[in-house]
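Reading through the structure tokens given below for one structure.
Every read-out reported here was derived from the displayed coordinates using simple, explicitly stated rules and does not represent laboratory data. A quick note: this is a predicted structure, and the numbers were derived from the prediction, not measured. Please note: Cβ atoms are built from the backbone with ideal geometry, for glycine as well, and neighbour counts cover all protein chains shown.
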Amino acid sequence: MQGIDRRQFLKIAGLGGVVFASGLARAAGTYAASQDEFFFVQLSDTHWGFKGAPNPDAEGTLPKAIAAVNALDPQPDFIVFTGDLTHTTDDPAERRRRMAQFRDLISGLRTRNIRLMPGEHDAALDRGEAFKEFFGATHYSFEHKGVHFIALDNVSDPTGAIGPEQLEWLTADLAKQPREARIVVLTHRPLFPLYPQWDWATKDGEQAIAALMPHSNVTVFYGHIHQEHHFKTAHIEHHAARSLIFPQPAPGSVPKRAPVAWDPQHPYRGLGFRSVEAEPGEYKLTEHPVLKA
């Protein structure tokens, strides 16, 4: 891709999806064009092991998404999966088998820097035990080119809470960051009460938001609701990602939550992944379909 920078690339890639500008507006000329710029890819809710309606290609969607990510040029700095890597099962041996299969599948990604976190399908039945065996810690933080990333676990507790111990860790982690630090939170459930009737909330999410509120540049990326969604709590922006298995209806749009039916005329509609271009002061989101029409 000689002669095309990442901004141009994402505009081109966005022809198959939607580009959404997020974050603090950047004053013209404040930063050099290449200062601390990078991009990452967010995939979510792969539900490996799911079978049946409404996705007749349940075992093919994740490989197709991996192929689509591998086709990106340039490749992302890193890739994050925001939970529900596997579909829930009461059988501990089957849970581990699905995690092993998921691990083997994502080993085919060209970008080797992969960040994982659990969803309730991965962790709620055993408090994250199997996830930790395969993938390590369920919450952690890391730095990348001037941005502080925090992965929160709001699923291993079967009540849907973050829990006091992890909230204490979050507070201590944030205390090391200046108020103007660029902070990105990665999690599975929404931290705000999007639609608690459908379990689209975090029991003690308001405490996490309160801890984040003093920081002026915070963005949250999450999954769980199987659709693109954008929301703000004061200055904190929240962006939900599409699923890679089936879409869900808009919050409260139907009496009972149920997966959106497969449309044979438009297969893979509502499924996809996201690339996030990070520049000083802003993030640019591009939504990619699993397969372009």
Could you compute the net charge surrounding Ala123? Neighbours are other residues with a C-beta less than 10 Å from the C-beta of Ala123; K and R count +1, D and E count -1. -4
Take the chain, connect every pair of alpha-carbon atoms lying under 10 Å apart with a spring to form a Gaussian network, then pick out the residue of Phe38, Phe81, Phe142 with the largest mean-square fluctuation. Phe142
How much of the DSSP beta bridge set in the chain is antiparallel, as a percent to the nearest 5? 55 percent
